[in-house]
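A.B. asks: If you scroll down you'll find the structure; I have some questions about it.
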Amino acid sequence: MKSIKDYVSLEQEFYSNVLKNKDELYDSQFNEEILKGISNIVIFATGSSSNAAYSALPFMSKTTGLPIYIEEPSIAANYLLNFNDDTLYLAITQGGHSYSIINLVEKFEKNGKKIFTLTSDDSSPAYEVSDNVLSMGMPIEEMPYVSAGYSVTILDLFLISMRIGNILGNLSDREESDFLADISGIINKIPDIIDRSNKWIEDNINIFQDAKRLVWIGYGSTYGVSREGETKITETVGISSWGKELEEYMHGPYLGLHEDDLIIFIDPNGTLEDRVDRLHEFLELHVDNVYVINSVNKKHEKDLDLNVTCNELLASLYMTIPVHLLSFELSQRKGNDLEKSAYPEFDKITKSKI
Ligand SMILES: O=P(O)(O)OC[C@H]1O[C@](O)(CO)[C@@H](O)[C@@H]1O
């Protein structure tokens, strides 16, 4: 089975293929007729897929010009099943086996309501129950702790939102082709981003491997990246991890800081860079190890500079690379076999994946 590291190195190829096939994947799925009267978008997803949705959210909002909400499928299916005809509903399940999404999609279909399901597996239960499937445009990821799938989901959502924004008249052809050019530029830089990330991890591994708790802090498009850090570290390393939005961390969670927390900011060097600097200054007084992953440049010697200058809305496409690589490295140092389920009886008992 390919490892998380293998899948991170496949991201360049997967992104390129999705970009090449974008018209076939999404153009025919969305048109004036389907989008007639649509005034907002609701996305349902769990785990990494939900993190990917948060990572894409600021870009989607900008390009579609619509309010976009991300909801928990279980709460929606059990408590909030009021359908809006002016909402475009989208369910994401990369693997296609998540019970909560399948259950929700079934309820939509039974009520004759339209919902699109984004998945990579055309033989999955989610595919079977969905009348409107969107393909992620990548092969099924064998590794259950997804990395490439999370990243490709972000790109898929970017492309879907540009298509919608263009049809709705919120995004001009020129703006769309400028974004596509920026995305291609990012794809070309992936090998260098991987090298920089690996070097940073190697240089600091003695600190990282002793972490008892890892706190990720992001904002804008890297809020989703910080959530993905929480998911991936928890799943693969098995230590406690939080993924917080910058201001959210400052409203309560900071009071629970521990001197031996490992805190990593994910800073796209955008709108809230100054707020990162202030919180960093405070945390340095109380926490031994505070790091910043920067899109470009760095202010402290031990930080990571990914050397990518681009619109901050696109940052989640590449800023998760060091997060995934660090999760993998720490999991291996802990001796965790990611190919074997830590709790094989879990799905049998809970039927959380079907
Ligand atoms: O997108 P899917 O396939 O529904 O999976 C969501 C989540 O399920 C897991 O595979 C396991 O719970 C997570 O790693 C992932 O984030």
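A.B. asks: Give just the number: which of (1) among the β-branched types (Val, Ile, Thr); (2) within 12 Å of the ligand (Cβ to nearest atom); (3) within 20 Å of Lys36 (Cα to Cα) does Thr87 not satisfy?
C.D. replies: All conditions are met except number (2).
A.B. asks: Are any residues in region 52-80 more than 15 Å from Arg163 (Cα to Cα), within 16 Å of the ligand (Cβ to nearest atom) and either part of a helix (DSSP H, G or I) or open to solvent by 50 Å² or more (accessible area, probe 1.4 Å) (or both), and if so, which ones?
C.D. replies: Ala52, Ala53, Tyr54, Ser55, Glu71, Glu72, Pro73, Ser74, Ile75, Ala76, Ala77
A.B. asks: Ok, one more. Looking at region 150-194, which of its residues are of a type in the set (Ser, Thr, Tyr) and either touching a residue at least 40 places away in the same chain (Cβ under 8 Å) or not in a helix (DSSP H, G or I) (or both)? Full working, then the answer.
C.D. replies: Going residue by residue through region 150-194, those that are of a type in the set (Ser, Thr, Tyr) are 150-151, 153, 161, 172, 177, 184.
Selection gives Tyr150, Ser151, Thr153, Ser161, Ser172, Ser184.
A.B. asks: From the list Ser295, Ser331, Ser327, which one is over 22 Å from Ser221 (Cα atoms) and crowded, with 17+ Cβ neighbours inside 10 Å? Steps first, answer last, please.
C.D. replies: On the way: Ser295 fails: over 22 Å from Ser221 (Cα atoms); Ser327 fails: over 22 Å from Ser221 (Cα atoms).
After applying the criteria, what remains is Ser331.
A.B. asks: Consider region 202-229. How many of its residues are surrounded by fewer than 24 Cβ atoms within 10 Å (Cβ to Cβ) and among the polar types (S, T, N, Q)?
C.D. replies: Qualifying residue count, region 202-229: 3.
A.B. asks: Sort out which residues of region 266-292 are among the hydrophobic types (A, V, I, L, M, F, W, C), open to solvent by 40 Å² or more (accessible area, probe 1.4 Å) and under 24 Å from the mean Cα position of the chain (by Cα), and write them in order of number. Show your work before the answer.
C.D. replies: Within region 266-292, the subset among the hydrophobic types (A, V, I, L, M, F, W, C) is 266, 272, 276, 279, 282-283, 285, 287, 290, 292.
Adding the requirement that they be open to solvent by 40 Å² or more (accessible area, probe 1.4 Å) leaves 272, 282, 285.
Across region 266-292, the qualifying residue is only Leu272.
A.B. asks: To continue, here is another question. Return yes when Ile68 is within 30 Å of Arg174 (Cα to Cα) and of a type in the set (Val, Ile, Thr) and no when it is not. Break it down stepwise before answering.
C.D. replies: Values: within 30 Å of Arg174 (Cα to Cα): yes; of a type in the set (Val, Ile, Thr): yes.
The answer is yes for Ile68.
A.B. asks: Here's another thing I want to ask about it. Checking Ser49 against (1) touching a strand residue (DSSP E or B) at 6+ places or on another chain (Cβ under 9 Å); (2) in contact (Cβ under 8 Å) with a residue 40 or more places away in the chain; (3) in a loop (DSSP other than H, G, I, E, B), which test does it fail?
C.D. replies: That leaves (3) as the condition not met.
A.B. asks: Criterion first (among the charged types (D, E, K, R) and either in contact with a Cys (Cβ under 7 Å, 6 or more places away or on another chain) or within 16 Å of the ligand (Cβ to nearest atom) (or both)) does Glu32 satisfy it? If you could, list the steps in order and put the result at the bottom.
C.D. replies: Working: among the charged types (D, E, K, R): yes; either in contact with a Cys (Cβ under 7 Å, 6 or more places away or on another chain) or within 16 Å of the ligand (Cβ to nearest atom) (or both): no.
Here the answer is no, as Glu32 does not meet what is asked.
The values are calculated or read from the model by the stated rules, or taken from the named source; none is laboratory data. Since we're looking at a predicted model, the values are computed, not measured. In this analysis, Cβ positions are derived from the backbone assuming ideal geometry, glycine residues included, and neighbour counts consider all displayed protein chains. Just so you know, the surface numbers come from the protein's heavy atoms only, side chains and all, with ligands and any DNA or RNA stripped out. Shrake-Rupley method; radii C 1.70, N 1.55, O 1.52, S 1.80 Å.
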